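Every number in this text was worked out from the coordinates using simple rules, so none of it is lab data. Worth saying up front: this structure is predicted, and the values here are computed from it rather than measured. When we count neighbours, we look across all protein chains shown, and the Cβ atoms used for this are built from the backbone with ideal geometry, even at glycine.
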Amino acid sequence: MKPIAGCKVRNGTISRNARIRVLRGSRKEVIFDGLLESLKNVKKDVTSMGKGSECGMGFQDWNDFQVGDQIQAYEVKEEKRSL
């Protein structure tokens, strides 16, 4: 069984397909940048969670989370260049 981090969403939303950045310590050092493997609410898989809700997150190829880690969710958008 893969470990799941218990989290509370403080701002915005977290979607299942978002990229994730995990920050640790007072200097907010980036210790992981990757993808979510699972997003759960009360043992149920969900596609997104909003501000104020509690959820569980599993990360793809990483499970070294600790109490106090901060998670940022972001999207990468590619746009065609034009002159």
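Here is how the numbers come out for the structure above:
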item: Sorted by Cβ density within 10 Å, fewest first, the residues T47, T13; result: T47, T13
item: Fewest-first sequence of V76, V9 by Cβ atoms within 10 Å of each Cβ; result: V76, V9
item: Inter-probe distance in nm under a simple model that places probes 7 Å from Cα toward Cβ, at N11 and R24; result: 2.4 nm
item: Sequence-separation-based contact order of the chain, relative, with Cα cut under 8 Å and 6+ spacing, percent; result: 39 percent
item: GluC sites (Glu not before Pro) lying in DSSP loop within segment 7-83, provided at most 10 other Cβ fall within 10 Å; result: E75, E78, E79
item: Relative exposure of V30, V22, judged by other C-beta atoms within 10 Å (fewest first); result: V30, V22
item: For segment 1-20 and segment 44-83, distance of Cα centres in Å; result: 5 Å
item: Potential extension, E75-K51 segment - 0.36 nm per residue separation minus Cα distance; result: 6.9 nm
item: Entry for semi-axes √(5λ) of the Cα gyration tensor in Å (calculated from the structure that is shown) out of [x] 24, 13, 10; [y] 22, 17, 13; [z] 27, 13, 10; result: [y]
item: Unsatisfied cross-links (Cα-Cα over 22 Å) in the set K2/K77; K2/K51; K2/K44; K8/K40; K8/K28; K8/K44; result: K2/K77; K2/K51
